[in-house]
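Trainee: First the structure, then my questions, so here it is.
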Amino acid sequence: MGIAIEDLAVAYGGQRVIDGLALTIEPGTFFTLLGPSGCGKTTLLRTIAGFVPAERGHMRFGGTEVTHLPPHKRDIGMCFQDYALFPDKTVFDNVAYGLRARKLAESAIKPRVQAALERVGLGHLGSRHPAALSGGQRQRVALARALVIQPKVLLMDEPLSNLDAKLRLQVRETIVELQREAKITTVFVTHDREEALAMSDRIGVMNQGRLEQVGTPAQIYREPRTGYVADFVGGANIMAVETAARQAGETATIALDGAAITARAPAALAAGKATLVARPEDILLAEPGTAGTLPGKIAHRQYLGGKTSYKVALDSGRVLAVDLQSGAHDRFEPGAAVGLGFDPARTLVLAS
């Protein structure tokens, strides 16, 4: 079941936090709302759930208008950041809660709950209480509870943020596998860029209550429409430049600190101020004086296993981040002179 949102407005205390938002999520899609704290992503999720009222607009699940329906009539499953399990109930009873609220017969509840627990790898822990579980196990109980009612829409509010790095990877794989298996339309909220890129079919990057860009993970990462998206999803180097008018897909040659940089325009540009975007992995380091490079000096070097991250200071005072695969490039020591080269196929010029 798909989700369609039209002209949505949401206010807190008379102040608009979302205004005129439109979004379509196709049936069975794993859709992630990505953005920093305070950008409106959780407000949007809670409005979809029915916990926050819409001031204006329409929301449909499939062909059904749900804008003013209470949460329990929207046929949703919900996973929260803090798990929201009942501490006095066993794992089995926590998962069974939604089915009992729907007044299913106990004879029907037992096999469904057991099957849900088996799907998340906890079939042997039904008699335990949440306090006896690890954080990863509790989150999988919350996932089983959300899925056992066979909802039309699954909503997840930063469900991995309380887990350590290893557990995050394990649980996110479980979530993706179960979502693909059940083909449930899922809206997932996170501020973690890697999480969003790894798990999603589509991503909506939010900024101050609006969707800055919606696309596949590859589109969001490789074809950002704004400097905000480029910087938030991957920490790009953002530089103010001047350029001539360009049509989408054309290349532009830009003077940057005395060198000619070639970049691609993914969208049409007017002449004048623009933004040059170069991701750290799309900048190369070479010997100083190499043709087509900018002169710079290594200001900082950090070895990170599979890659080495550098901060390189240009003569103009700009400092750029550069990521290189660890190995031969480790010869560049702090203080060493280098030449910076830009990949013309991946360096972008965007409207300011």
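Since every read-out is calculated from the coordinates, none of them should be taken as a lab result. Note that the structure is a prediction, hence the values are computed from the model and not measured. Counting neighbours? That spans all protein chains shown, and the Cβs are built from the backbone with ideal geometry, glycine included.
Trainee: Restricting things to alpha carbons, find the Rg to Rh ratio for the range 225-271 using the Kirkwood radius for Rh. Let's see the in-between values first.
Mentor: Numbers: Rg = 11.2 Å, Rh = 11.6 Å.
Here Rg/Rh amounts to 0.97.
Trainee: 222 nm [θ] for the chain, helices only, -39500 (n - 2.57) per DSSP H run of 4+, per residue, to 500?
Mentor: Rounded to the nearest 500, it is -7000 deg cm²/dmol.
Trainee: Exposed loop trypsin sites (Lys or Arg not before Pro) only (DSSP loop, at most 15 other Cβ atoms within 10 Å): please give the longest stretch of the chain free of them, not including the sites. Don't jump to the answer; show the numbers that get you there.
Mentor: Numbers: sites that count: Lys89, Arg102, Lys103, Arg128, Lys183, Arg318, Arg346.
In the chain, the maximal stretch lacking such sites is 184-317.
Trainee: For the range 227-343, give the magnitude of the charge dipole about the Cα centre (Cβ charges: +1 Lys/Arg, -1 Asp/Glu; no others), in debye to the nearest 20. Intermediate results must be reported in sequence, preceding the final value.
Mentor: Working: 10 positive and 12 negative charges, 29 e Å.
Result for the range 227-343 is approximately 140 debye, rounded to the nearest 20.
Trainee: Under 17 Å between alpha carbons, and skipping anything fewer than 8 positions from Lys89 in its own chain: which aspartates and glutamates qualify?
Mentor: Excluding near neighbours in sequence, the set is Glu106.
Trainee: To test your reading of the geometry: what angle, between 0 and 90 degrees and rounded to tens, separates the Cα axis of helix 91-101 from the longest principal axis of the chain?
Mentor: The angle comes out near 70 degrees.
Trainee: Would you kindly state how much longer the chain becomes between Leu104 and Ser326 on full extension, computed as 0.36 nm times their sequence separation minus their alpha carbon distance, in nm to one decimal?
Mentor: Length gained between Leu104 and Ser326: 74.1 nm.
Trainee: At 4 °C and 1.567 mPa s, grab the translational diffusion coefficient of the range 66-177 from Stokes-Einstein with a Kirkwood Rh over Cα pairs, rounded to a whole number in µm² per second. Working shown, then result.
Mentor: Values: Rh = 14.3 Å.
Answer, rounded: 91 µm²/s.
Trainee: Using each residue's phi in the range 223-230, evaluate 6.51 cos²θ - 1.76 cosθ + 1.60 at θ = phi - 60° and report the 3J(HN,Hα) Karplus result to the nearest Hz, with x for Gly and Pro.
Mentor: For the range 223-230, the Karplus curve yields 10, x, 8, 9, x, 4, 5, 4 Hz.
Trainee: Same structure, new question: Would you work out if the range 117-239 is rounded, prolate or oblate? Take a ≥ b ≥ c from the square roots of the eigenvalues of the alpha-carbon gyration tensor; rounded if a/c is under 1.5, else prolate when a/b is larger than b/c, oblate otherwise.
Mentor: Values: a/c = 2.76, a/b = 2.03, b/c = 1.36.
Prolate, because a/c is 1.5 or more and a/b exceeds b/c.
Trainee: A further question follows. Within 10 Å of each residue's Cβ, count the other Cβ atoms and sort Leu304, Leu211 from fewest upward. Don't jump to the answer; show the numbers that get you there.
Mentor: Working: Leu304 9, Leu211 19.
Lowest to highest Cβ neighbour count: Leu304, Leu211.
Trainee: Give the lysines reachable from Lys103 as a straight Cα distance under 17 Å; neighbours fewer than 8 places away on the same chain don't count.
Mentor: Within the straight-line limit of under 17 Å, Lys103 reaches these lysines: Lys73.
Trainee: Lys and Arg at +1, Asp and Glu at -1: add these up for the other residues within a Cβ distance under 15 Å of Leu104 and post the number.
Mentor: +3
Trainee: At 7 Å along Cα-to-Cβ for each site, give me the label-to-label distance between Asp343 and Phe51 in nm.
Mentor: 4.0
Trainee: Suppose the chain between Ala165 and Ala198 were pulled fully straight at 0.36 nm per residue; how much longer would it get relative to their current alpha carbon spacing?
Mentor: Values: separation 33, 0.36 × 33 = 11.88 nm, distance 1.43 nm.
Between Ala165 and Ala198, full extension yields 10.4 nm more.
Trainee: Would you be so kind as to identify which of Leu99, Tyr83, Gly135 lies farthest towards the positive end of the dipole of the range 77-193, taking Lys and Arg as +1 and Asp and Glu as -1 on Cβ and the Cα centre as origin?
Mentor: So the residue furthest toward the plus end is Leu99.
Trainee: Can I ask one more? Charges only on Cβ, +1 for Lys and Arg, -1 for Asp and Glu: so what's the dipole of the range 98-226 about the Cα centre, in debye to the nearest 20?
Mentor: Values: 21 positive and 14 negative charges, 111 e Å.
So the magnitude is around 540 debye.
Trainee: For a footprinting-style exposure proxy, rank Ser134, Ser326, Ser107 by other Cβ within 10 Å, fewest first. Write down the numbers at each step before the final one.
Mentor: Working: Ser134 11, Ser326 14, Ser107 7.
Ranked by crowding around the Cβ, least crowded first: Ser107, Ser134, Ser326.
Trainee: How high is the relative contact order of the chain, in percent, with contacts defined as C-alpha pairs under 8 Å that are six or more residues apart?
Mentor: For the chain, the relative contact order is 15 percent.
Trainee: Taking 8 Å as the Cα distance limit and 6 or more residues as the minimum spacing, I'd like the relative contact order of the range 45-137 as a percentage.
Mentor: Numbers: 66 pairs, mean separation 21.3, N = 93.
It comes to 23 percent, rounded to a whole number.
Trainee: Here is a follow-up. Can you list residues from other chains, or at least 5 along the same chain, whose modelled amide H is less than 5 Å from the amide H of Leu33?
Mentor: Phe188, Val189, Thr190, Gly204
Trainee: GluC sites (Glu not before Pro), restricted to the range 237-324: which are DSSP loop and have at most 12 other Cβ atoms within 10 Å?
Mentor: Details: sites: Glu242, Glu250, Glu281; in loops: Glu250.
Sparse-neighbourhood loop GluC sites (Glu not before Pro): none present.
Trainee: Still on this structure, I have one more. Tell me which lysines have Cα within less than 20 Å of Lys311's Cα, excluding those fewer than 8 residues away on the same chain?
Mentor: By straight Cα distance, Lys311 reaches Lys297.
Trainee: So how tilted is helix 165-182 from the main axis of the chain? Cα-based, degrees 0 to 90, rounded to 10.
Mentor: 60
Trainee: In a solvent-free Debye calculation with one equal scatterer on each Cα, what is log10 I(q)/I(0) for the chain at q = 0.10, 0.12 Å⁻¹, listed in the order of the q values?
Mentor: Treating every Cα as an identical point scatterer, log10 I(q)/I(0) equals -0.73, -0.93.
Trainee: While we're on this one: Pop the C-beta distance of Arg318 and Glu223 into the FRET formula with R0 = 30 Å and round what comes out to the nearest 0.05. Don't skip to the end; give the middle numbers.
Mentor: Numbers: r = 24 Å, r/R0 = 0.81.
The calculated FRET efficiency here is 0.80.
Trainee: Evaluate the relative contact order of the range 190-296 (contact order divided by residue number), counting alpha-carbon pairs under 8 angstrom at least 6 apart; express in whole percent. Walk me through the numbers on the way to the answer.
Mentor: Numbers: 163 pairs, mean separation 21.2, N = 107.
Worked out over the range 190-296, it gives 20 percent.
Trainee: Quick check: net charge around Leu314, other residues with Cβ under 15 Å of its Cβ, Lys/Arg +1 and Asp/Glu -1? All intermediate terms of the calculation are to be shown ahead of the outcome.
Mentor: Numbers: positive: Lys297, Lys311, Arg318; negative: Asp257, Asp315.
Net of charged neighbours comes to +1.
Trainee: Then there's this: Helix 106-119 versus the longest principal axis of the chain: what angle, 0 to 90°, nearest 10, using Cα atoms?
Mentor: Once rounded, one gets 20 degrees.
Trainee: What are the residues whose amide H is under 5 Å from the amide H of Cys79, where those residues sit 5 or more places off or on another chain and H is modelled from the backbone?
Mentor: Leu155, Met156, Asp157
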